[in-house]
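Throughout, read-outs are computed from the coordinates displayed, never taken from laboratory work. Just so you know, these numbers come straight off a predicted model, no measurement behind them. Note that each Cβ is placed from the backbone with ideal geometry, even for glycine, and that neighbours are counted across all protein chains shown.
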Amino acid sequence: MADAPEANPREISRAEAREMLDAGAQLVDVRADHEWEAGHLPGAIHIALPDLAARAAEIDKDRPVILYCRTDNRSAMATTALTEAGYDAVKLSEGATGWEEEGLELEPEGGYVAESGEAAAVLEARKRAS
């Protein structure tokens, strides 16, 4: 009898993520466009969660992949989907929010972790600009 897929995807800490990236892992941001543009982790590629199935071939199946979103929900779905498709996929614990709270670098310079809802993000961007 085959093992059932994991209910919870494998999760790694920020320290583990940095080690994996140094060793050649891929980093994929599955947030919405406005979140990516506000700020993202250095070296990440952007494939929004709704586009993941159509764009999965852009991710090298022969290298580990770390997925992240704002906190954990979308990256958990993406990690489960890629794991089931045969990728060595993990999710970054606490996502971009935890990364930023630890004071780690975001791109572009001055980048920040935007709210996931587009309306809230627009208001936040206006507040930051004033």
Response to the item:
Computed ³J(HN,Hα) along segment 91-107: with the Karplus parameters 6.51/-1.76/1.60, θ = phi - 60°, integer Hz and x for glycine or proline, the list is 10, 7, 4, 6, x, 5, 4, x, 4, 5, 4, 7, x, 7, 5, 10, 10
Worksheet, complete the sentence: Taking every other residue with Cβ under 13 Å from the Cβ of residue 86 and scoring Lys and Arg +1, Asp and Glu -1, one gets -2
Worksheet item: Taking amide H positions as placed 1.01 Å from N in the peptide plane, with prolines and chain starts having none, which residues 5 or more places from residue 11, or on another chain, fall under 5 Å of its amide H?
Response: 91
Fill in: Dipole magnitude (debye, nearest 20) for the chain, charges at Cβ of Lys, Arg, Asp, Glu
240 debye
Worksheet item: Using alpha carbons only, how many degrees (0 to 90, rounded to 10) separate the axis of helix 73-84 from the longest principal axis of the chain?
Response: 30 degrees
Discussion item. Taking amide H atoms as placed 1.01 Å from N in the peptide plane, list the residues 5 or more away in sequence, or in a different chain, whose amide H sits under 5 Å from that of residue 26.
Written reply: 65, 66
Discussion item. Taking 2.2 N^0.38 Å as the expected size of a compact globular protein, what ratio does the Cα radius of gyration of the chain give against it, to two decimals?
Written reply: 1.06
Discussion item. Test of the criteria: in segment 50-130, which chymotrypsin sites (Phe, Trp or Tyr not before Pro) are in a DSSP loop and have at most 16 other Cβ atoms within 10 angstrom of their Cβ?
Written reply: 112
Worksheet, complete the sentence: Checking segment 1-78 for GluC sites (Glu not before Pro) in a loop per DSSP with at most 14 other beta-carbon atoms within 10 Å yields 6
